[in-house]
Amino acid sequence: MKIDAVKAGGDAVIRSVTTAAQAALSAKLGLPSDEARLEVRMLLQSVLKKDRAWLISHELDDLHADSHQDFQALLERRLKGEPIAYILGKREFFGLDLMVTPDTLIPRPDTETIVEAALEKIPEHQACRVLDLGTGTGAIALAIARQRSNALITAVDASVHALQVAQANAAALGCGHVELLASDWCSALGDRQFDVIVSNPPYIPEHDPHLQQGDLRFEPISALASGPDGLDAIRRILLAAPNHLKHHGWFLLEHGYDQSNDVRMLLNQGGFDEVRSIRDLGGIERVTLGRRQPN
Ligand code: GLN
């Protein structure tokens, strides 16, 4: 689709390009118009390498032909449904700018809930060993690392490509001390023991129609789906993770909107006390935690 705000020579006024692209995005992807405008601005910012304030105050400037072409190419990708985070190569999470690629799940605002809950269990002025299972971009591990400089954090992922992204994010955020490990859940952890274990595993049922919608179509299926009821990964993690958790250590899991009863039951059966669930910003029980009983 070509936007018709083009003047002779290929230049166009930023404001008309924005309006036309916003309408196209709303029509094609069904985005609310404020969200569409935000996305258009993010694409323009990325092409022009300017911040939001600059863009808003230069709406009547011309967008030169080459920038217009670059913007058009990005817009075409978005119009085909590719997630904005993959097009831009980044996503903000817990105040951090994270690099994301199609090898990683795109961090969600919902996942800030598990970070907040974990921070409550990690003392500020004491060493504390923390494990993040299935770290992807490193979002949870790095958000914790930035808030708790005394925490000794290990983050694992089965995907070497995801670990490269996590590594780049760790370096960019000055979190070089976070240990990154290729590991299928706990398989490569040896005899490491932790005070706190967190995980945002795949938890969508494998035939859930949401997997065919929106951003999820483009994300790694191994990071999203897990067996007929979505709980396969959580059951696997629960077989091994308690062996790596110190007595009285905390275990925190993110899960699906309708899985809190099941996950509480699995934690109760798995030898955890003080089991309870926490709601996300949308009011949905999104995180369940428990404390390892002494043997
Ligand atoms: N929260 C994601 C979603 O429902 C899924 C992420 C996951 O499976 N951990 O879109």
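Any read-out appearing in this document is the output of simple, stated calculations on the displayed coordinates, not a laboratory observation. Just so it is clear, the structure is predicted and the values come from calculations on it, not from any experiment. We place every Cβ from the backbone using ideal geometry, glycine too, and count neighbours over all the protein chains shown.
So, in Å, what gap is there between the alpha-carbon centers of the stretch 248-295 and the stretch 183-215?
Going from one Cα centre to the other spans 14 Å.
Mind pulling the angle between the C-alpha long axis of helix 14-29 and the longest principal axis of the chain? Nearest 10 degrees, somewhere in 0 to 90.
With rounding to tens, the tilt is 50 degrees.
Starting at the first residue of the stretch 106-123, write each ³J(HN,Hα) from the Karplus equation 6.51 cos²θ - 1.76 cosθ + 1.60 with θ = phi - 60°, in whole Hz, x for Gly and Pro.
Karplus-based 3J(HN,Hα) across the stretch 106-123 equals 7, x, 10, x, 4, 6, 5, 4, 6, 5, 4, 5, 5, 4, 5, 9, 10, x Hz.
Give me D for the chain in µm² s⁻¹, whole number, from Stokes-Einstein with Rh from the Kirkwood sum over alpha-carbon pairs, 10 °C and 1.306 mPa s.
Details: Rh = 20.6 Å.
D = 77 µm²/s.
Give me the Debye-computed log₁₀ of I(q)/I(0) at q = 0.14, 0.16, 0.34 Å⁻¹ for the stretch 117-160, equal point scatterers on Cα only, no solvent, two decimals.
-0.29, -0.38, -1.30
Mind listing the phi-derived Karplus ³J(HN,Hα) values for the stretch 207-224, rounded to whole Hz, using 6.51, -1.76 and 1.60 with θ = phi - 60°, and x for any glycine or proline?
9, 5, x, 4, 5, 9, 10, x, 4, 4, 4, 9, 8, x, 4, 5, 9, 10
Mind scanning Lys49/Lys90; Lys90/Lys121; Lys49/Lys80 and naming the pairs with a C-alpha gap bigger than 21 Å? Don't skip to the answer; put the middle values down first.
Numbers: Lys49/Lys90 14 Å; Lys90/Lys121 29 Å; Lys49/Lys80 23 Å.
Over 21 Å apart, Cα to Cα: Lys90/Lys121; Lys49/Lys80.
What are the residues whose amide H is under 5 Å from the amide H of Arg129, where those residues sit 5 or more places off or on another chain and H is modelled from the backbone?
Excluding prolines and chain starts, which carry no amide H, the hits are Leu152, Asp195, Val196.
When only C-alpha pairs under 8 Å and at least 6 residues apart count, what is the relative contact order of the chain, in percent?
Values: 534 pairs, mean separation 39.0, N = 295.
Rounded, it is 13 percent for the chain.
For the stretch 69-81, take each phi angle, set θ = phi - 60°, evaluate the Karplus expression 6.51 cos²θ - 1.76 cosθ + 1.60, and give the result in whole Hz per residue in order, putting x for glycine and proline.
Working through the residues one at a time gives 5, 4, 4, 4, 5, 5, 4, 4, 4, 5, 5, 7, x Hz.
For Phe93, which sequence-distant residues (separation of 5 or more, or a different chain) have an amide H within less than 5 Å of its own amide H, given hydrogens modelled in the peptide plane?
Counting only residues 5 or more places away or on other chains, the set is Leu98.
With the Cα gyration tensor of the stretch 198-295 giving a ≥ b ≥ c as the square roots of its eigenvalues, does the rule (a/c under 1.5 for rounded; else a/b larger than b/c for prolate; else oblate) give rounded, prolate or oblate? Numbers along the way, then the final one.
Values: a/c = 2.40, a/b = 1.78, b/c = 1.34.
Since a/c reaches 1.5 and a/b is larger than b/c, the shape of the stretch 198-295 is classed as prolate.
Restricting to bridges with both residues inside the chain, how much of the DSSP beta-bridge set is antiparallel, in percent to the nearest 5?
The antiparallel fraction comes to roughly 45 percent.
Helix-derived [θ] at 222 nm for the chain: sum -39500 (n - 2.57) over DSSP H runs of at least 4, divide by residue count, nearest 500? Walk me through the numbers on the way to the answer.
On the way: 10 runs with 109 residues, N = 295.
That comes out to -11000 deg cm²/dmol.
For the stretch 15-155, just say rounded, prolate or oblate: build the C-alpha gyration tensor, square-root its eigenvalues into a ≥ b ≥ c, call rounded for a/c under 1.5, and beyond that prolate if a/b exceeds b/c, oblate if not.
Judged from the Cα gyration tensor, the stretch 15-155 comes out prolate (a/c at least 1.5, a/b above b/c).
In units of 2.2 N^0.38 Å, what is the alpha-carbon radius of gyration of the stretch 115-227?
Details: Rg = 14.7 Å, N = 113, 2.2 N^0.38 = 13.3 Å.
For the stretch 115-227, the normalised Cα radius of gyration comes out at 1.11.
Under the rule a/c < 1.5 gives rounded, and otherwise a/b versus b/c splits prolate from oblate, where does the stretch 40-115 land using the Cα gyration tensor?
Cα axes put the stretch 40-115 in the oblate bin.
For the chain, with the dipole built from +1 on Lys and Arg beta-carbon atoms and -1 on Asp and Glu ones, taken about the Cα centre, which of Pro32, Trp54, Asn243 lies farthest toward the positive end?
The residue sitting farthest along the positive end of the dipole is Asn243.
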